[in-house]
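Okay, so here's the structure we're looking at.
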Amino acid sequence: MKDVEKKHPLIEVWDTYPGVRQNGKKDLSIPPIERIIGEMFAIGEYYYYVLNLTNSTLSYHHENILKLHGLKKYPENLKEVIDLTHPDDIEFVMKAEQTVIQKMMEIGLQHQLYTKSSYCFRMKTAGGKYELFHHQAIPTMEDENGQLIQSINIHTNINHITKENPRTVLISGIGHRKDFHQVKLDRTLDDELMENLSNRETEILSLIAKGYSGPEIAKMLILSEHTVRTHRKNILRKTRSRNSKELLKKAFENGLI
């Protein structure tokens, strides 16, 4: 009898997601990657890949995945990416994925294509060291029954910004959705720095993290440039940040982006 390959526990966690269809379908169309990149934070070197949730296969890889991890060929299965994770972070990643599933069920699976999730963990790099990466995932395709069959994952090396894992999961809305759910998992950092930010300040901080300028933010939010500058000053003051670089560091360390 042929042995059946055992699934990695992390993949088994995703199998519990009620919107995922497990039918072995292999060929899915490419999602609108450029549009999705615009919804993600990519401060630093990053790569993406498309994940087929019906069989855990990967496709449409960004070439940086080879350089950042020192790989000789593109990984074909999610387990190959999981194997790059620091062994001490596996348990946290499993908790993070379980948290995403639970929160999506609370939000409603009918909204799953308009949300994204993110958290941080360490991955092995080309030099053999483990460095902190920011993981972001967004569902990109459902079948005719509304069951999730595809997502795109983006991994950004943020080790140059912070080496501290905030142990926080963020589920936020995209497009017309305004969801913002921050779930702290065994967190030990000072929480007070970010808790005093208003919803508008949090929104502006997220746009700063995406690299938008003050005038661009003003146009997107239909605000005056003076108002945006005032919000930015208030954000820096409340977070006790001297400049944007320090602000982004604290935002990552507090799991706000």
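At 7 Å along the Cα-to-beta-carbon direction for both Ser224 and Ser59, put a label point, then send me their distance in nm to one decimal.
In this crude spin-label approximation the distance works out to 5.2 nm.
Please work out the average accessible area per residue across segment 49-94, using the 1.4 Å probe convention, and give it in Å².
Per residue, segment 49-94 has 48 Å² of solvent-accessible surface.
If Met123, Met141 are ordered by their accessible area, calculated over protein heavy atoms with a 1.4 Å probe, which sequence runs from highest to lowest?
Details: Met123 0, Met141 40 Å².
Sorted by accessible area, descending: Met141, Met123.
For segment 104-192, what does the accessible surface come to per residue with a 1.4 Å probe? Please give it in Å².
I get 43 Å² per residue for this part.
Using a 1.4 angstrom probe and counting only protein chains, how large is the accessible area of Arg229 in Å², to 10?
Ignoring ligands and nucleic acids, Arg229 comes out at about 130 Å².
Which of the GluC sites (Glu not before Pro) found in segment 51-127 are loop residues per DSSP with 16 or fewer other Cβ atoms within 10 Å of their Cβ?
Here the GluC sites (Glu not before Pro) that fit, given the DSSP loop and packing criteria, are Glu63, Glu76.
Farthest toward the dipole's positive end in segment 102-257, which of Ile208, Gln102, Leu236, given Cβ charges of +1 (Lys, Arg) and -1 (Asp, Glu) about the Cα centre?
Positive-end residue among those listed: Leu236.
Per-residue accessible area for Val183 at 1.4 Å probe radius, Å² rounded to 10?
Counting only protein heavy atoms, the figure is 40 Å².
Quick check: with the 1.4 Å probe, what order do Ile174, Ile43 take by accessible area, largest first?
The ranking, largest first, comes out as Ile43, Ile174.
Rounded to the nearest 0.05, what FRET efficiency do Ser244 and Glu144 have when you use their Cβ-Cβ distance and R0 = 35 Å? Can you show the working numbers first?
Values: r = 45 Å, r/R0 = 1.29.
Plugging the Cβ-Cβ distance into 1/(1 + (r/R0)^6) gives 0.20.
What's the local net charge at Thr230, with K and R +1, D and E -1, over the other residues with C-beta under 13 Å away?
Summing Lys/Arg as +1 and Asp/Glu as -1 gives +4.
Roughly what would the spin-label model give for Arg177 and Glu76, points 7 Å off Cα along C-beta, in nm?
3.3 nm
Once ligands and nucleic acids are excluded and a 1.4 Å probe is used, how much of Leu113 is accessible, expressed in Å² to the nearest 10?
50 Å²
The values are calculated or read from the model by the stated rules, or taken from the named source; none is laboratory data. Values in this document were obtained by computation on a predicted structure and should not be read as measured data. Positions of Cβ are backbone-derived with ideal geometry, glycine not excepted, and every protein chain shown enters the neighbour counts. Note: areas computed on protein heavy atoms with side chains; ligands, DNA, RNA excluded. Shrake-Rupley method; radii C 1.70, N 1.55, O 1.52, S 1.80 Å.
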